[in-house]
Amino acid sequence: MDHIFTMGVLGLGEGRSVISAVLNSKMWELGNICDLNEELCKERCQEFGIDKYTTSYEEMLKDPKIDVIGIYTPDQLHARHIKMALLAGKHVICTKPLMINLDEAKELIRVQKETNKAVFVGQSSRYFEPALRQRRDYEAGKHGEVETIETHYISDSRWFLERAWSHQQGFSWMYNFMIHAVDLAVWYLPEIEEVYGLGVVSENTRSYGLDVPDTLKFILKNKDGRFASVTGAYAAPTLGSAVEQSISCTIRGSKGISRAGYPKLKYYTNFEPVQKTAKLQEFADKHGYYFRFENESHHAGEYQNYMEHFASDMNRGITPKPDLQEGIHTLAVMAAMEQAMKTGNVVKVSDIMECIR
Ligand SMILES: NC(=O)c1ccc[n+]([C@@H]2O[C@H](COP(=O)([O-])OP(=O)(O)OC[C@H]3O[C@@H](n4cnc5c(N)ncnc54)[C@H](O)[C@@H]3O)[C@@H](O)[C@H]2O)c1
């Protein structure tokens, strides 16, 4: 019989989707929920009919019934919270970005090896319905030989700069937002060798007293010469998701093309026999599964998909991916992108990886 995993949820903002996913999945049980903000704990208890919570992460870690910790705290705290979970003998599902830089990478690899617990990165945009369909078509070879991947994450997210932790050291549009687009590119081209790109800090980001690039464009070159283009824009008006989806992944291949996007449930394909216009698949029946709260503010269905993927792989003795190694490699690609942006040079990912060996 399959093991039912018991989740302790840390951080109850985005953690709201995790609670919903656990309560709606046959593969999961809820162990406890935790946030420093007691009012938020009480709000979540009332919303989901939960009868316990804690404001102490240490206390939640002591619970022997909990076997997985879901980490949904601010980006800057992930490395510390992952390490604490591993040392307490728990598996980890950590939201993106796994970490805000590679400073703790070596130490986390060491602790993960020593404790032999799984670390899975919750790259939610791989788990949206169109993205799942696109991956299936890719694995079935419908694109033929894939030449390029084009991804973007474009959203007017100035609202994010109202948050206290966006002004704390370590916040960047690149690591917090653009990682979705980078992860999709690296998912399809996993041997990125060199990167080049540009980024500018707009006056909108500056007006919040921040100096982090918000408008970005990169080329990532794979070992075999194929490449991805990755675009991000976060602090200026957008065309809106009806015209340009916030997150988009286009696969161009010799036999066909596909485009999957978020947040609209739309998947465009043009496979053999090729037509003049791409076929559009929409998944109206799944809208309620993906978006469970007001204003499509969270996307719990993606979380349920990745948590069930985690549970299913664990029960089959397979390491659920993206794991710690894959997550760190993606961060190394991003560190190379950052360096390319600062120096104007082409940067080798292997030079970055060298620092953590
Ligand atoms: N698509 C996605 O996968 C997605 C979407 C949004 C946010 N996120 C990620 O989720 C994480 C949380 O984002 P958010 O929007 O919920 O932020 P948030 O600020 O709304 O929530 C973070 C919560 O963590 C709590 N917290 C901080 N330190 C804590 C501690 N030591 N112990 C217990 N609780 C603590 C805070 O009180 C707060 O309620 C971020 O890393 C963000 O990048 C992922």
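The values are calculated or read from the model by the stated rules, or taken from the named source; none is laboratory data. All figures in this text were calculated on a predicted structure; none of them were measured in a lab. Note: ideal-geometry Cβ built from the backbone for every residue, glycine included; neighbour counts use all protein chains shown. For accessibility, only protein heavy atoms count, side chains too; no ligands or nucleic acids. Shrake-Rupley method; radii C 1.70, N 1.55, O 1.52, S 1.80 Å.
Pop out the carbon and sulfur fraction of the accessible area of the chain as a percent, whole number, probe 1.4 Å. List each step's numbers first, then the result.
On the way: 8060 of 16220 Å².
With neighbouring chains kept in place, the figure for the chain is 50 percent.
Kindly rank 2-13, 234-245, 195-206 from highest to lowest mean number of other beta carbons found within 10 Å of each residue.
Descending packing order for the listed peptides: 2-13, 195-206, 234-245.
Give me Rg over Rh for region 5-117, both radii from the alpha carbons and Rh done the Kirkwood way, two decimal places. Present the calculation step by step, with values, prior to reporting the outcome.
Working: Rg = 13.6 Å, Rh = 14.1 Å.
My calculation of the ratio gives 0.96.
Leaving ligands, DNA and RNA out of it, work out the accessible area of Arg292 with a 1.4 Å probe and give it in Å² to the nearest 10.
Result for Arg292: roughly 60 Å² accessible.
Could you sort 318-327, 138-147 so that the peptide with the highest average Cβ count within 10 Å comes first and the rest follow in order?
Numbers: 318-327: 18.2, 138-147: 14.6.
Ranked by mean Cβ neighbours within 10 Å, highest first: 318-327, 138-147.
Name the shape class, rounded, prolate or oblate, that the alpha-carbon gyration tensor gives for region 192-343, where a ≥ b ≥ c are the square roots of its eigenvalues, rounded holds for a/c under 1.5, and otherwise prolate holds if a/b is larger than b/c and oblate otherwise.
Taking the square roots of the gyration eigenvalues as a ≥ b ≥ c, region 192-343 is rounded.
Sequence gap of 8 or more, or different chains, plus Cα separation below 26 Å: how many lysine pairs satisfy both in region 61-148?
Lysine pairs meeting the criterion: 22.
With label points built 7 Å along Cα→Cβ from the Cα atoms of Asp285 and Asp103, find their separation and express it in nm.
Reported label-point gap for Asp285 and Asp103 is 5.0 nm.
Among the lysines, select those whose C-alpha is under 17 Å from the C-alpha of Lys266, and discard any that sit fewer than 8 residues away in the same chain.
Within reach: Lys279, Lys286.
For region 157-196, what does the equivalent ellipsoid look like in terms of its semi-axes, each the square root of 5 times an eigenvalue of the Cα gyration tensor, given largest first in whole Å?
Details: eigenvalues 144, 23, 10 Å².
They are 27, 11, 7 Å, listed largest first.
Taking only the C-alpha atoms, wrap a convex hull around the chain and report its volume per residue in Å³ as a whole number. Provide the component values of the computation, followed by the final result.
On the way: hull volume 52.6 nm³, N = 357.
Dividing the Cα hull volume of the chain by its residue count gives 147 Å³.
Rounded, prolate or oblate: which fits region 299-348 when a ≥ b ≥ c are the square roots of the eigenvalues of the alpha-carbon gyration tensor, with rounded for a/c under 1.5 and prolate only if a/b beats b/c?
Values: a/c = 6.81, a/b = 2.39, b/c = 2.85.
It comes out oblate by the Cα gyration axes.
Could you check the simple spin-label distance between Ser207 and Gln168, using points 7 Å along Cα→Cβ, in nm with one decimal?
Simple spin-label model gives 2.7 nm for this pair.
Given a Förster distance of 45 Å, report the FRET efficiency between Arg80 and Ser254 from their Cβ-Cβ distance, rounded to the nearest 0.05.
The calculated FRET efficiency here is 0.45.
Reachable lysines from Lys342, Cα under 21 Å, same-chain residues fewer than 8 places away excluded?
The reachable lysines, counting only those whose Cα sits under 21 Å from Lys342, are Lys217, Lys221.
Test of understanding: what is the full-extension gain from Phe48 to Lys321, defined as 0.36 nm times their sequence separation minus their Cα-Cα distance? Don't skip to the end; give the middle numbers.
Details: separation 273, 0.36 × 273 = 98.28 nm, distance 2.92 nm.
Answer, rounded to one decimal: 95.4 nm.
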